[in-house]
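**Q** Have a look at this one.
The values are calculated or read from the model by the stated rules, or taken from the named source; none is laboratory data. Because the structure is predicted, anything quoted here is derived from the model rather than measured. Glycine also receives a Cβ, built like all others from the backbone with ideal geometry; neighbour counts cover every protein chain displayed. Just the protein is used for accessible areas: all its heavy atoms, side chains included, with ligands, DNA and RNA removed. Shrake-Rupley method; radii C 1.70, N 1.55, O 1.52, S 1.80 Å.
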Amino acid sequence: MKLDLKLYRGYANNNEIKVYGHVFKSWAPDKFRLDRKGIKHAFSVIHMFRIKPLKNIEIDFKFQNLTAQAVTREDGYFEFNVPYDGDLKSGWHTYEVSCKIKKIGIVEKGEFLKPYESEYAIISDIDDTFLISHSNSFFKKLYVMLSKNVNKRKIFDDVVDHYKALSQAGQESKKASNSFFYVSSSEWNLYAFIENFAQLHELPKAVIQLKKIKKGITDFLMTGRGQHNHKLEKIKDIISFYPEISYVLLGDDSQKDPFIYEKICQTYPNRIKAIYIRQVGSNQKKEVVSTLKKIENQDVEVCYFKESSKAIEHSRKHKIIT
């Protein structure tokens, strides 16, 4: 019997710890090989969507002397929102989650982030913001996913330099960093792929928030498409969770990022420090220019850029980075 427990990076503040994951009656999506080539790689990608989540499974959480219980939802997802009043140091912490299905017990360890003191945190989209994905072309996006493994996928020039500068801005110690959150309309199926890609290119270590898991070939064909309301809600959850921090938001113009970020600025006035939107096509979009102008009128710095070098220049000019 194949059973698997997959944990994701969580996050914490002074009062609460948030961690989450999935339970599967199959191998988790990250168990399929991401080092294969050609047709073998294509089959590995498809297998990441041929999973069987398990519902109504009791899950146990443990961190230090703290314990909690949860039950998986219809899609195998579980989430812990655990009250915490101890003296939790800033940085990454290890937690443990376990479950028992019939006579089989599973124990896994994950991480969560308690942010360092900082002036701001960074929330970034993934596809076509730093990972070249061709989101505005269904067939090209599908072709790239099926034909190019993680080590062959491309990243935009200078984006790593920009993200590293944002991560270290204002921090006197190299051990400390500004918190990063990668929030995307890609599904949880692609978590390991995104995590590996970010690590390969030495992007800042981040909490990753993705869309509801998919479980079939039809779902695979629709990956990253459909409504983007979940992205708005995930970003709102993060900003609400850390009311003392301002935010820099990064996205692109291939889907809905500018309009989502406008809503965020309206919901949280004076909480957004700057917004960066990458121009994916050959020309700037009029509706994006108009939306960014509205955002700018709310005293938020905006930058609509084609090359990350321009975004870096803007960040330096406005003293967001040094």
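**Q** With every protein chain present, what is the per residue accessible area of the chain (1.4 Å probe, Å²)?
**A** Details: 15850 Å² over 322 residues.
Normalised by residue count, the accessible surface of the chain is 49 Å².
**Q** May I pose another question? Using square roots of five times the C-alpha gyration tensor eigenvalues, list the equivalent-ellipsoid semi-axes of region 1-147 in whole Å, biggest first. Show your work: numbers first, answer last.
**A** Working: eigenvalues 188, 114, 28 Å².
They are 31, 24, 12 Å, listed largest first.
**Q** Applying a 10 Å radius around every beta-carbon, put 193-201, 60-68, 205-213 in order of their mean neighbour count, most first. Please report the intermediate quantities before stating the final value.
**A** Values: 193-201: 17.7, 60-68: 14.3, 205-213: 20.3.
So the peptides 193-201, 60-68, 205-213, ranked by packing, come out 205-213, 193-201, 60-68.
**Q** Measuring from centroid to centroid over Cα atoms, what is the spacing of region 124-177 and region 282-322 in Å?
**A** So the separation of the two Cα centres works out to 18 Å.
**Q** Taking 1 over the mean of 1/r across every pair of different Cα atoms in the chain, what Kirkwood radius in Å do you get? Don't jump to the answer; show the numbers that get you there.
**A** Values: mean 1/r = 0.0488 Å⁻¹.
Answer for the chain: a Kirkwood hydrodynamic radius of 20.5 Å.
**Q** Just need the Rg to Rh number for region 12-78, please, alpha carbons only, Kirkwood Rh. Present the calculation step by step, with values, prior to reporting the outcome.
**A** Working: Rg = 15.9 Å, Rh = 14.0 Å.
Result: Rg/Rh = 1.13.
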